[in-house]
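Okay, so here's the structure we're looking at.
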Amino acid sequence: MKKATALLLSGMMALSMVGCGASDTATTEEPTTDTAAEAEDTTSAPEGGVTIQVTTTYAGEDTNAQNYKDAVAAWEAETGNKVEDSSATSDETFKSRIVTDFEAGSEPDVLFYFNGVDSNQFVEQGKVVSVDEIRETYPDYASNMKDDLLGASPADGVNYSVPVNGYWEGMFVNKEVCEAAGVEVPTADTTWEEFMDICATIKDAGYTPIACSLQEVPHYWFEYAIYNHQDAKTHNTLPTSADDEIGQAWAAGLNDIKGLYEDGFLPENTLTATDAETFQLFTEDKAAFLIDGSWKVGGIESAVDDIENFTVTHVPGMGNRKSTDEIGGLSMGYFITRKGYDDADKQAACVSFVEYMTSDEVVSKFAGTSVTALKNGAKPDTSSFTALGNAALEYAGSFTGISPAVQDNLNEAARAPIFGDMASIVKGSVDAADAVAEVLSIANE
Amino acid sequence: MTARIYKNKKAVPFFLIPAFLFMFVYLYYPFVQNIINSFMHIKYIGTSGGELNTPVLKNYITMIQDPKMLIALKNTGIMIIATIIGQVGLALLFALLVSNIKKGSGFFRTVFFFPIVISATALGLLFNLIFLYDKGMINQILQFVGYLDISTNELIDWKAEHAMFTMMTPVIWQYVGFYFVILLTGLAGIPQELYEAAFIDGGTKWQTVKYITLPLLKNSIATCVVLAVTGALKVFDLPWTMFVNGMSDTWLTGTYMYSKVYSDADYASAIAVVIVVLGVVLSVVVNRIFRQDADYDAS
């Protein structure tokens, strides 16, 4: 009896391993491309009952987090399909997670992600599907968009993603803190030197002038600090060396951030605080200024009781950069992954989902005050805008120059010597020029 | 019947082969491949290394000159000492105390073991709140007792000013219970007759601990120390949750390796090799130390 039991158990053990293998094969087996070809007559209207995995950055304090949830619910109701959503706030951790998912073969079917060098890896490995390939089967895919604004991949110049809303970066202001400290809200005419004086006054009044976590999100200050040593035409260019004009501008910008740290204009725990902690300083009337993106408007609206106390203005400029020269553009879009597209059951649902999320109506709702790639342009409903929303609309209409964020030309590894080691730069243990040289060394590998 | 089934060895491979295959596929093969990867140039993790690095030992040469790796090694050394003293030492103290009480020992066993069952990520978030700068538990208590000036909202940035302490405290706290259980099991194996004989001979509590308990518990302590040392070398989850990207120069070998995985996979492989080598060497050293003690005691 025991012998029989032993044999039975060992047999089951062996079978379970074989079973695991068989199961894996079944789930990872990719349908042949013939499947896609056979679906020649396919329209993007799915039959329903399909579940697709979707990851976006519409989460947390993103302005469109709720709009996204509403749009997903509407698409689900319309098509009978389901979305397994794993959206998260966009930061370096999120980017690492996406890279991990792709490497582990557990990428989503649809991904809303950066269309710059951050997605080069997926493009080079053939893990995302080009817009042209999708149009072979679904000719109307992204036909409401201007192709030259879709955001071609820097890896091969081909369009893979379909953008929704663009972005701008600006300086949000807590008016109550400014008033309590006895300073005026900075305007387009405020110079950098005047801004430094304003910060000093706010600090003397017992408030934190600038809410920023250099440990977690130094990105916005990096962008504007180096922009202040360039102009809208030259900003989106990588240095060829740390010694050239652009390299020196980068080092000078980093040294300006070091100056802000040394002058005590940043939170005392800026080198250890999370972005959520410093944002809380701003919304709880403990800090005056916050540089962030257009997506933060909704986050501020939902975090504060009196939105009238908040506005957005230009980051004070210096040199050739006017205060009204801003950072902005269309840096993200919906990708359909090869995994999702080659799954015959999911293909139509993935295409339908992206078409729905990038339709004129949905994009107009998401766009708010930002630019879009729509041929017909966005038509946002301004009647429901808050005071901050209206200020943002006015702000977005006052740009004299706009440049994409230059950091989007660097991958995560190349950004690390600056964004992952800002503490060493501001504390002086790493020279700004050396950090720039290290960035370029990794970028050129 | 029982004797016959033990004599018949035909069923043994049925049990061993699946387990061996599992170990080979998920442990030995990746281990050997990792050593090979540490000499290769790998563009993206998950892709095969196309060519050897130039020079082949590039990653190991870089490592020697890498200040962050040196910080990681130094911090890991501190962590090893802290875990031996803090985890094994405290666990030994708790085990000795609990083994000497008759009522409530079950309660203390549960209490000391409980942190083990909580995920490290959850513990990290918990301690993040405890050590939080503004409105954190410790800073609020220190303000309440008057150590920090509440009128000026004086606060301590634990993650900057006392980074290593802040990182090591939860790590030590989490695993004390693990070693406590091992040592308590070891204590249960010591014959009561020895204690009774010592009591009759007039031995004090301290003398029985020194001359009976500790010598007979040596193997369990050696096991705990080896586990603590190797555990400290690869500790990752809790420090990473609290100190992302080696914040405040808190790199450990485990966290530094992980930080390089997605940006420089072959360098991360080389760090992993170093971690394994250090683990093996330190385990041998610990075993030698305890064996030397045994020879000394025997003489």
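The values are calculated or read from the model by the stated rules, or taken from the named source; none is laboratory data. Just so we're clear, the structure is a prediction, and the values are computed from it rather than from any experiment. Cβ sites come from the backbone with ideal geometry, for glycine too, and all protein chains shown count toward neighbours.
For this structure, a couple of remarks:
- Unique residue being assigned to a helix (DSSP H, G or I) and within 14 Å of chain A (Cβ to nearest Cβ) when the list is B:I80, B:I71: B:I71
- All conditions in (1) surrounded by 22 or more Cβ atoms within 10 Å (Cβ to Cβ); (2) under 30 Å from A:C199 (Cα atoms) hold for A:G151, with the sole exception of (2).
- A single entry from B:L227, B:L217 fulfils the requirement of being touching a residue at least 12 places away in the same chain (Cβ under 8 Å) and surrounded by fewer than 20 Cβ atoms within 10 Å (Cβ to Cβ): B:L227.
- Exclusive hit being of a type in the set (S, T, N, Q), under 24 Å from the mean Cα position of the chain (by Cα) and surrounded by fewer than 21 Cβ atoms within 10 Å (Cβ to Cβ), set A:T274, A:T270: A:T274
- Failed criterion for B:A272 (all others in (1) without any contact (Cβ under 8 Å) to a residue 40 or more places away in the chain; (2) crowded, with 20+ Cβ neighbours inside 10 Å; (3) not hydroxyl-bearing (S, T, Y) hold): (1)
- Top-ranked residue in segment A:90-113 [being within 14 Å of another protein chain (Cβ to nearest Cβ) and assigned to a loop (DSSP other than H, G, I, E, B); ranked as modelled with the lowest pLDDT]: A:D91
Conditions (1) of a type in the set (V, I, T); (2) under 30 Å from A:G206 (Cβ atoms), marked per residue:
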| site | (1), (2) |
| --- | --- |
| B:F127 | no, yes |
| B:M137 | no, yes |
| B:I141 | yes, yes |
| B:T152 | yes, yes |
| B:E161 | no, yes |
| B:I182 | yes, no |
| B:G202 | no, no |
| B:K205 | no, no |
| B:K210 | no, no |
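- One residue stands out in segment B:142-171 among those that are aromatic (F, W, Y) and in a helix (DSSP H, G or I): the one that is farthest from the other protein chains (Cβ to nearest Cβ), namely B:F144.
- Selection status of A:V185, closer than 21 Å to A:S370 by Cα and not in a helix (DSSP H, G or I): no
Residues checked against (1) surrounded by fewer than 17 Cβ atoms within 10 Å (Cβ to Cβ); (2) more than 18 Å from A:G247 (Cα to Cα); (3) in contact with a Pro (Cβ under 6 Å, 6 or more places away or on another chain); (4) of a type in the set (A, V, I, L, M, F, W, C):
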{"site": "A:V351", "(1), (2), (3), (4)": "no, yes, no, yes"}
{"site": "A:D360", "(1), (2), (3), (4)": "yes, yes, no, no"}
{"site": "A:S441", "(1), (2), (3), (4)": "yes, no, no, no"}
{"site": "A:E445", "(1), (2), (3), (4)": "yes, no, no, no"}
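- Picking from residues in segment B:74-96 that are over 22 Å from B:K218 (Cα atoms) and surrounded by fewer than 20 Cβ atoms within 10 Å (Cβ to Cβ), the one that is farthest from the chain's Cα centre (by Cα) is B:K74.
- All positions within segment A:276-322 that are among the basic types (K, R) and either assigned to a helix (DSSP H, G or I) or more than 14 Å from every other protein chain (Cβ to nearest Cβ) (or both): A:K296, A:R321, A:K322
- Filter pass, A:T79 being more than 14 Å from chain B (Cβ to nearest Cβ) and under 15 Å from the mean Cα position of the chain (by Cα): no
- Unmet criterion (only one of (1) part of a helix (DSSP H, G or I); (2) modelled with pLDDT of 90 or more; (3) assigned by TED's automatic domain parsing to the domain that holds A:N64; (4) surrounded by fewer than 21 Cβ atoms within 10 Å (Cβ to Cβ)) for A:S364: (2)
- Here A:A251 qualifies as more than 14 Å from chain B (Cβ to nearest Cβ) and closer than 23 Å to A:A435 by Cα.
- Here B:A163 fulfils each of the conditions (1) touching a Ser or Thr at 6+ places or on another chain (Cβ under 7 Å); (2) aliphatic (A, V, I, L, M); (3) surrounded by fewer than 19 Cβ atoms within 10 Å (Cβ to Cβ); (4) closer than 23 Å to B:A232 by Cα apart from (3).
- Test: residue in segment B:97-119 that is away from chain A (no Cβ under 12 Å) and surrounded by 18 or more Cβ atoms within 10 Å (Cβ to Cβ): yes
- All conditions but one from (1) within 14 Å of another protein chain (Cβ to nearest Cβ); (2) part of a helix (DSSP H, G or I); (3) without any contact (Cβ under 8 Å) to a residue 12 or more places away in the chain apply to A:N269; the one that does not is (2).
- Within segment A:92-109, residues that are among the aromatic types (F, W, Y) sit with their Cβ atoms under 7 Å from residues that are not in a helix (DSSP H, G or I), at 6+ positions apart or across chains, in these pairs: A:F94/A:T57; A:F94/A:A88; A:F102/A:K127.
- Residue within segment B:46-58 that is over 18 Å from B:L233 (Cβ atoms), at pLDDT 90 or above and in a helix (DSSP H, G or I) present: yes
- Beta carbons closer than 8 Å, at least 6 apart along the sequence or on distinct chains, pair a first residue in segment A:427-445 that is closer than 30 Å to A:E268 by Cβ with a second that is surrounded by 14 or more Cβ atoms within 10 Å (Cβ to Cβ) and of a type in the set (K, R) for A:G428/A:K258; A:A432/A:K258; A:V439/A:R415.
- Looking across segment B:11-55 at every residue that is hydroxyl-bearing (S, T, Y) and surrounded by 12 or more Cβ atoms within 10 Å (Cβ to Cβ), the one that is nearest to the other protein chains (Cβ to nearest Cβ) is identified as B:Y44.
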